[in-house]
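J.: Here it is: the structure, laid out below.
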Amino acid sequence: MSEPLLSESWLVPRPSEFVERLIPQFRWEFTRRHPYYLMTWKQATRPPEFATPYEKLAFESAQMLLQLIGVHYEPIDPSLGYDQLGLDSLPMKSPWIKGAVSQIQVRGVVAVLARQLPRDTKIAVIQLLQKSLDVDFHNASQEYELLTEILNGEHPNFQNVFGEQFVMINPEAPLRAITDAVGQIARQYKQTHQLAEQRQQTEKFQDYLEVWDLREGWKGGGYANENEKRFAEIAKILRRPLQTVSNQYQAAFKQISGKEYTPDVWYRIMGAYKFAGRLGGKVLRVSSRRPIRRKSCNPIPETLFTSKYDNRTPPTANIAVRDARELHELLIDVQDLIHKGWDDSAIIEELELSPKDEARELIQNIRQDPRVTDEL
């Protein structure tokens, strides 16, 4: 069986807790710096009614990638700072953005049912759902009959309740009564589970972003490789200790990616996106031979690291993602051989890279990159 195009082995989802707990300003600032967002935000804009199959596939693929990093709203131009967004008219201004409460997706309800319901209760639920397939919910009589059976019928454990975090709100109740009740539930839950009150220190987030932007060359809603700076340079510019700069960079990486910094995770998230830009659109043919992988040699097409669409995004998001995966694997292999002390010619021969001039340029870029030559 062939490997799935969007496999967990190279995609790096951002855990939802890293998104939901941030205030709107920093949720946006960290999100717009994520390569997945930069690669797909245009394609994730809903296509026209008479979209081509390519446009529909691009939309669906891009939306899937954005959902992996917690973006469930209409994408916004990443060149816009928070103060330019006009949030009063945007979904990011909704109560869900603050992270205190969240809407429940169907998958969440199914996960709760699968985890908490006993076997006989699951069987009863399945039978009722199957029965609902034949119900016309525009027919009041049929709807009433089914709902009566669900609400009043004798079914195992249907009278049980879920935990404190799974509640229903009566919108007809006074607003004060609703807020008081929710507050009491939250206080009781925090006390029972010994959860301390937390306050977001947003001034630290701004420090993280300052270091990140200088380190990665963030400018105008994208990354400019020529603007990247080393930690020592950043320390002088910001007048901060070198170790503080390193720590703040890693903290920013964690907020953007949801993962602790390691060179491998950086390459999986950032490397392919940034090094593809460093190739400057040149063709680099790479065999699928890898130093720690199979020995067979199957050439990869010349279009692997360059787009036939002349600096425009290819028509489908999954094509761009596939190329990024191949480039990620190459970057990891080259970095590994550099750390082992191999010279450029030996690396080119081992990985069978061609054309050699472009391959040598790529290797030199990796050698000069701070994430290879600096210690975090």
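The values are calculated or read from the model by the stated rules, or taken from the named source; none is laboratory data. The structure displayed is predicted, hence computed values, not measured ones. So basically every Cβ, Gly included, is an ideal-geometry build from the backbone, and we count neighbours across all protein chains shown. Ligands, DNA and RNA are excluded from the accessible area calculation, which covers all protein heavy atoms including side chains. Shrake-Rupley method; radii C 1.70, N 1.55, O 1.52, S 1.80 Å.
J.: Which links in Lys229/Lys340; Lys42/Lys204; Lys219/Lys274 stretch past 19 Å when you go from one Cα to the other?
T.: The answer is Lys229/Lys340; Lys42/Lys204.
J.: A further question on this structure: Grab the Cα-Cα distance for Glu203 and Val109, subtract it from 0.36 nm times how many residues apart they are, and report the gain in nm with one decimal.
T.: 30.2 nm
J.: Next question. Given labels modelled 7 Å from the Cα in the Cβ direction, how far is it in nm from Glu60 to Tyr73?
T.: Label-label distance for Glu60 and Tyr73, simple model: 2.7 nm.
J.: Quick one: putting +1 on the C-beta of Lys and Arg, -1 on the C-beta of Asp and Glu, what dipole do you get for the range 157-210 around its Cα centre, in Debye to the nearest 20?
T.: 200
J.: Simple spin-label model, 7 Å along Cα-to-Cβ: Asp264 to Tyr144 in nm?
T.: With each label point 7 Å from Cα toward Cβ, the separation is 6.3 nm.
J.: Calculate the spin-label point distance for Arg367 paired with Asp83, positioning each point 7 Å from the Cα along the beta-carbon direction, and give it in nanometres.
T.: Label-label distance for Asp83 and Arg367, simple model: 4.4 nm.
J.: Go through Leu353, Leu151 and list them by solvent-accessible area, largest first, probe radius 1.4 Å.
T.: Per-residue accessible area, sorted high to low, gives Leu151, Leu353.
J.: If ligands, DNA and RNA are left out, what is the accessible area of Asp134 with a 1.4 Å probe, given in Å² to the nearest 10?
T.: 130
J.: Kindly sort Met39, Met64, Met270 by accessible area of their heavy atoms, largest first, with the probe set to 1.4 Å.
T.: Greatest to least solvent exposure: Met64, Met39, Met270.
J.: Follow-up question, since we're still on this one. Rolling a 1.4 angstrom probe over the protein chains, ignoring ligands and nucleic acids, what is the accessible area of Glu352 in square angstrom, nearest 10?
T.: Surface accessible to solvent at Glu352 totals approximately 60 Å².
J.: Here is a follow-up. What does the accessible area per residue of the range 111-261 come to in Å², with a 1.4 Å probe and no ligands, DNA or RNA counted?
T.: 72
J.: Pick out, from Ser141, His193, Asn157, the residue whose Cα sits farthest towards the positive end of the charge dipole of the range 135-247, with +1 on the Cβ of Lys and Arg and -1 on the Cβ of Asp and Glu.
T.: Farthest along the dipole direction, towards plus: His193.
J.: Okay, moving on. Given a 1.4 Å probe and heavy atoms of the protein chains only, how would you sort Trp342, Trp218, Trp266, largest accessible area at the top?
T.: The ranking, largest first, comes out as Trp342, Trp218, Trp266.
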